[in-house]
Structure formats: structure tokens, C-alpha cells
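Remarks on the structure that follows.
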Amino acid sequence: MLIETTAGDLRLALNLVKPAIHRRNTIPILSCVLLKDGAARATDLDMEISMKFAASHFEGEVAVPGLQLFDLVSSLPFDMKIRLQRLQGDEHGVHIYFSGGRYRLPTLPTEDFPDFPKDDETKRMKAPDGLLAAIDAVRGAISTEETRYYLNGFCFSKSPQGKSVLVATDGHRLVAHDYDHDCDESRIVPRMALPALTLLPQPQSVFQSNRQMRFFYPGGHLFTKLIDGDFPDWHRVVPYFNDDVKSLRFSPLEMMRVLNRINKIAGSSRGRAVDISASSAGDMVVVASKGSDSEECAERLESGSAVNWSGPSEVRSFNTRYLTEICRLHRQADTISIVAADDRSPARIVPDNGKTLAILMPMRNGCGLVGKALLAFADGANDTAQAERAA
């Protein structure tokens with residue numbers, strides 16, 4: 001067995017297959033990467049990734065601890081030539097040589113390396129450009145709750161209007177992004193495949209079945225099992241409104257800056273709430289929050305406006321972290337709108353134009369600062385000009 005390549009070429013391949021390698025594993029062979037047929041291959045039995053790499057000589061095969069090999073080649077110069085060689089009589093080890101270095105790693109029998117189960121009932125799926133953008137849009141809403149395992153991934157689904165979308169939800173927020181696929185039934189790709197999918201380029205082709213999804217790339221592939229469960233009927237939580245519905249409008253970038261300052265003062269607790277309200281005229285929008293040690297934060301949004309708003313008594317409260325993530329998702333938009341029937345109803349958060357729909361559930365523990373802040377800003381208490389006149 002002899003493989004001659006460079007540290008950089010091997011490192012690139014190992015980095016792409018690394019998401020399928022777990023450092024702590026009760027099955028030793030699953031911590032190994034299989035170097036065979038000019039490619040590096042790794043699996044955790046739920047997912048398999050294979051990627052070819054450039055080699056001046058590739059003969060034989062070897063199963064070697066993947067993360068140790070990755071750490072070693074990552075510490076070497078990119079263009080450093082390396083040689084992996086099994087010496088005669090050494091059946092359970094491989095030597096790695098490079099200029100000034102000689103290492104030996106243990107190996108396991110290559111015949112013990114598991115083959116990913118094949119599903120003969122596969123169907124080629126339409127895979128246009130935009131898959132990675134759609135995954136990036138919905139990934140933040142994927143649940144990590146183990147009891148509702150069917151939410152631990154993103155789903156190829158259809159919108160209420162029949163459009164093809166990718167959708168994810170954790171019960172508190174929902175994100176659906178337009179993506180032109182042709183899945184007849186819902187397919188739920190587990191979140192464990194996300195690190196690999198986002199590292200890899202746009203797939204050339206995708207094949208689906210009831211149990212698997214297979215992504216093919218130049219020189220490699222990613223096979224993953226699907227979550228065996230039914231994605232909830234998310235259409236029922238998507239609210240629809242008449243023209244007289246109350247809405248708040250603002251710049252997502254400005255809101256992100258404001259929420260960042262509030263988190264620094266009030267604390268970035270996972271359950272921290274932020275209140276948003278507007279003046280009766282709709283020409284002033286204020287964001288406010290309280291900290292656990294009586295800190296008070298309030299800011300006026302220069303880009304804010306409201307439609308059909310009844311005044312300071314009308315308040316919307318949301319989880320600060322969730323609202324920040326949705327603003328970051330829509331950061332390319334000039335303005336976004338929060339549309340909700342009342343303070344207890346799901347809110348639609350949509351950009352002026354875009355492919356992403358976000359639904360955010362409200363929080364009900366208002367801090368009570370918004371009304372005071374609106375009065376203060378309306379009186380000009382925070383204006384520099386008035387402060388100078390008072391001085």
C-alpha cells in the first residue's frame with residue numbers, strides 16, 4: 001500500500017469528509033477514514049461522504065484514524081509532499097513520511113469498513129442552482145429537541161400556494177424559502193448533514209427515495225438517510241391578513257445594531273424579550289427591553305414606521321435572539337415588515353421582496369418601557385438640539 005500526494009490535497013479531502021467522522025465512537029472503524037480508489041471516504045452509518053484527491057501515486061487501500069490524520073496534515077505546509085506507506089510485516093499500522101518527519105498511525109482492516117446501504121428505488125430530483133442559499137436560509141430554524149425528532153432537519157415541501165420550498169421550524173419560529181424542487185412527498189434531511197452540505201459546492205445531481213437522499217459532486221458524493229417521520233402541517237400556522245392589519249416596518253440592519261446594543265446592556269439570555277411599538281401616527285417606532293438587574297434599554301428606529309397602529313398600548317414582544325437571526329436572514333433587504341393581528345398571534349416577517357417567509361411566535365412578558373420611551377422621544381428628551389438648549 002503506497003499513496004503519494006501533498007499535505008494540502010489530502011487535507012482538502014479530509015476536511016470535506018470530516019463531518020461524517022466522530023471523535024468519540026464506540027465502533028472503532030467509524031472513527032477511520034478509508035483511503036481507496038483515489039478517494040477519502042467516511043461514514044457514521046447515517047451519512048457517507050466520499051471525495052477524490054490528487055495523488056501522484058495511489059496503490060492499495062487503508063483505514064486510518066481520520067481526525068488524527070487530518071490534524072497531522074493540517075499542521076504541514078500546503079505543498080509539502082507526503083507519503084503514506086505500509087511497511088512489510090506491519091499489518092496494523094501505516095507510516096506517514098514527509099520532509100523531516102516520520103509518523104506511524106494504527107490501522108483497522110479495510111474489509112470492516114461498512115458500505116452505505118443502497119436503496120434501489122431512487123429517483124433523480126430536479127436540482128437547480130439555489131440549494132445552498134435555501135439551506136442557509138432555513139438552517140437557523142431547525143430544532144434540536146430530541147422528543148420531536150421529525151423537526152431535527154429541513155424539509156423539501158410545498159407552500160400553501162403550491163410553490164416548492166425548503167422549510168424548517170422548531171415550534172417557536174418557522175422559515176420557508178422558495179426552492180424549485182420536484183419532490184412529490186416531504187423529504188426531511190437531518191441537521192447532522194448540514195455541516196457537510198454547506199462545506200461542499202452546489203451538487204451536480206440529487207437522487208431521492210423514501211429513505212435516502214444522494215448528492216453527487218465533481219469527484220465525490222454525500223449519501224444521507226432521511227428522518228423517518230412526518231413533517232407537521234406547517235401551512236396551518238401561516239397567518240393571512242386583510243389590508244387593515246397592523247404592521248411595523250424598519251431596516252433589518254438598523255434593528256440588528258439596536259438589538260446588539262440592548263443585548264450588551266440587558267444581557268443576551270436565551271429567553272430575553274424585546275418589545276416593539278409605535279406612535280398612533282405611525283411615524284415613530286421604539287424598541288425596549290429590561291435586564292435582570294433593573295437595566296432599562298430603549299431606542300428609536302430611524303427607519304421605523306407603522307400602519308394601522310393604535311398607539312403605545314399596542315405592543316409586540318419577541319425573543320431577542322430569534323428576531324436578530326431573522327433580521328440577519330433578511331439583511332440584504334432595505335426594509336422588512338412585522339405583520340400580526342395582535343400581540344398573541346403568530347407574526348409574519350417578510351422583506352419588501354424576497355423568497356423567504358419567516359413566522360415568529362410572540363412572547364407575552366412585556367417590559368412596560370415602550371410607552372414611556374415613546375413619550376420621551378416624542379417630547380424630544382433625547383434630541384441633541386434640545387439637550388444643548390437645556391444646557
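The values are calculated or read from the model by the stated rules, or taken from the named source; none is laboratory data. All of these numbers come straight from a predicted model, not from anything done at the bench. Every residue, glycine among them, receives a Cβ derived from its backbone with ideal geometry; neighbour counts consider all protein chains shown. For the accessible areas, the whole protein counts, side chains as well, though only heavy atoms, and no ligand, DNA or RNA atoms are used. Shrake-Rupley method; radii C 1.70, N 1.55, O 1.52, S 1.80 Å.
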Please tell me the relative contact order of region 1-96 in percent, rounded to the nearest whole number, where contacts are Cα pairs under 8 Å and at least six residues apart.
39 percent
Region 192-259 - convex hull of the alpha-carbon atoms, volume per residue in Å³
213 Å³
Which lysines have a Cα lying under 30 Å from the Cα of Lys81, excluding residues fewer than 8 positions away in the same chain?
Lys18, Lys36, Lys52
Give the lysines whose C-alpha is closer than 23 Å to that of Lys290, dropping any in the same chain fewer than 8 places away, or say none.
Lys264, Lys372
Can you find, among Ser205, Phe154, Leu35, the residue sitting farthest towards the positive end of the charge dipole of the chain, where Lys and Arg contribute +1 and Asp and Glu -1 at Cβ?
Leu35
Determine which aspartates and glutamates satisfy two conditions relative to Lys126: a Cα distance under 15 Å, and not lying fewer than 8 residues away in the same chain.
Asp178, Asp180, Asp182, Asp184, Glu185
Given that just one value was derived from the coordinates, which of [x] 0.92; [y] 1.26; [z] 1.02 is Cα Rg over 2.2 N^0.38 Å?
[y]
State in Å² the accessible area per residue of the chain; use a 1.4 Å probe, count heavy atoms of protein chains only, and round to the nearest integer.
49 Å²
Percent relative contact order of region 223-301, based on C-alpha pairs within less than 8 angstrom and at least six residues apart?
24 percent
Considering only protein heavy atoms and a 1.4 Å probe, what is the carbon-and-sulfur percentage of the accessible area of region 63-183?
47 percent
Cα-based Rg / Dmax (Å) for region 156-294:
20.5, 61
